[in-house]
Number of protein chains: 2
Amino acid sequence: MLTRKRQLLFKKQAEIAKAIAHPLRIAIVDFLKDDEQCVCDIAVHISPERSNVSRHLSVMVSAGILEYRKEGLKVIYKLKTPCILEFFSCITAVLKQQAKENEKLLSAL
Amino acid sequence: MLTRKRQLLFKKQAEIAKAIAHPLRIAIVDFLKDDEQCVCDIAVHISPERSNVSRHLSVMVSAGILEYRKEGLKVIYKLKTPCILEFFSCITAVLKQQAKENEKLLSAL
DNA sequence: TTACTATATGACTATATACTCACATAGTAA
DNA sequence: TTACTATGTGAGTATATAGTCATATAGTAA
C-alpha cells in the first residue's frame, strides 16, 4: 500500500494537473508561452467572459502555475513554471498516436 | 479569438490532462512506470476498492494513456505513452518551487 | 468629489466526477 | 454442470467544478 507521504505527493501532483486540465486554461497557458499578458488581452484572445477568465487565472495561480503583477489598472499574468509547456509536447504525442490508430482502423474498413 | 481548430486541440489536450489529474490515477501511472501490472496487483498496491480502481483504469484507457491485454482471468495494464512520466518531472519542479517559497516565507516570520 | 476602466468575487444553477454497493460477466477448475 | 476468481458496470449519492449575472474593489482621470 501507499505510504502517507506518497499519497500526499500524488495528491499535490493531481492538484497541479487538475489546474491545467481545462480547455480554456490550456489555451491561456499556450497564449502565455512567449510573453506575459494582461487579463484584457487574454480575454480578447481566449474568451470574452471576463469573470470566467478571471476564475481560470486564479485557479492556475493557486496551483502555482501562473504568477501576476499589477500595473496600474491592469493585472499581468505570466507562466511561473515554463516546463508546463513540455507537458503539452507529451500530450501532443498521445494525440498523434491516437490519430495514427484511427487511421489504421479506417483503412481496415 | 481562437479558431475552431485550436479550440478542438485544446479540448483534446484537456481530456488527456484530466485523465491524469487524480491522486489514484497518478499513483497508478507511477506504479506502471517500469512494468505492466495486473489489476489485482494494482489494487493491492494502490487501493483495495477494486471497482474504483477499475473505473480509474478505464478512464485512462479511454484517454489513450494506458492499454491492456487479457491473460486468463487477469487483465494486465501498461503505460501506452511513457512520456507521461516526463510530465511528473515538471510537476515535481512546480512543487519544489512552491516548497522553496514557503521556506522563504517561513524564515521571514 | 464623480465617473470611468480593469479585474475579482459572491451567489446561484448546471453539469461532471468520484465513490460505494450490489450485481454481471468471463475465464478457470473440479 | 457448479463453484470459484478477477474484473467490470449500473445505479445511486455526494462532492467538485464550470459558467453566469450582478456586484464589489482598486486604480485612473476629470
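The values are calculated or read from the model by the stated rules, or taken from the named source; none is laboratory data. Note that the structure is predicted; figures quoted are calculated from it, not measured. All Cβ positions, even for glycine, are placed from backbone atoms using ideal geometry, and neighbour counts span all protein chains on display.
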Which of (1) within 14 Å of B:VAL94 (Cβ to Cβ); (2) within 11 Å of DNA strand C (Cβ to nearest atom); (3) more than 7 Å from chain B (Cβ to nearest Cβ) does A:ARG50 not meet, given it meets every other one? (1)
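Per-residue answers, yes or no, for (1) within 11 Å of DNA strand D (Cβ to nearest atom); (2) farther than 21 Å from B:ARG6 by Cα; (3) hydrophobic (A, V, I, L, M, F, W, C):
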{"site": "A:ALA14", "(1), (2), (3)": "yes, yes, yes"}
{"site": "A:ALA43", "(1), (2), (3)": "no, no, yes"}
{"site": "A:VAL59", "(1), (2), (3)": "yes, yes, yes"}
{"site": "A:LYS70", "(1), (2), (3)": "yes, yes, no"}
{"site": "A:ILE76", "(1), (2), (3)": "no, yes, yes"}
{"site": "A:LYS80", "(1), (2), (3)": "no, yes, no"}
{"site": "A:CYS90", "(1), (2), (3)": "no, no, yes"}
{"site": "A:LEU95", "(1), (2), (3)": "no, no, yes"}
{"site": "A:ALA99", "(1), (2), (3)": "no, no, yes"}
If I filter the range A:23-38 for residues that are more than 16 Å from the chain's Cα centre (by Cα) and either buried (at least 17 other Cβ atoms within 10 Å of the Cβ) or not basic (Lys, Arg) (or both), do I get at least one hit? yes
In the range B:62-93, how many are under 19 Å from B:ALA19 (Cβ atoms) and without any contact (Cβ under 8 Å) to a residue 12 or more places away in the chain? 6
Considering only residues that are of a type in the set (A, V, I, L, M) and in contact (Cβ under 8 Å) with a residue 40 or more places away in the chain, look in the range B:9-22 and name the one that is surrounded by the fewest Cβ atoms within 10 Å (Cβ to Cβ). B:ALA19
For the structure I just gave you, tell me whether A:ALA108 is more than 9 Å from DNA strand C (Cβ to nearest atom), buried (at least 21 other Cβ atoms within 10 Å of the Cβ) and over 19 Å from B:ARG6 (Cα atoms). no
Here is a list of conditions, (1) touching a helix residue (DSSP H, G or I) at 6+ places or on another chain (Cβ under 8 Å); (2) within 11 Å of DNA strand D (Cβ to nearest atom), and A:PRO48 meets all of them except one; can you say which number that is? (1)
Residue list for the range A:1-55, restricted to those being of a type in the set (Gly, Ala, Ser), at pLDDT 95 or above and under 24 Å from A:LYS70 (Cβ atoms): A:ALA19, A:ALA27, A:ALA43, A:SER51, A:SER54
Could you list all residues from the range B:64-80 that are facing chain A (nearest Cβ under 8 Å) and either aromatic (Phe, Trp, Tyr) or farther than 14 Å from B:ILE26 by Cα (or both)? B:GLY64, B:LYS80
For the range A:57-74, give me each residue that is in contact with a helix residue (DSSP H, G or I) (Cβ under 8 Å, 6 or more places away or on another chain) and more than 9 Å from DNA strand C (Cβ to nearest atom). A:VAL59, A:MET60, A:SER62, A:ALA63, A:GLY64, A:ILE65, A:LEU66, A:GLU67
Residues satisfying the stated conditions in the range A:90-109, i.e. closer than 23 Å to B:LEU8 by Cα and more than 8 Å from every other protein chain (Cβ to nearest Cβ): A:LYS96, A:ALA99, A:LYS100, A:GLU101, A:ASN102, A:GLU103, A:LYS104, A:LEU105, A:LEU106
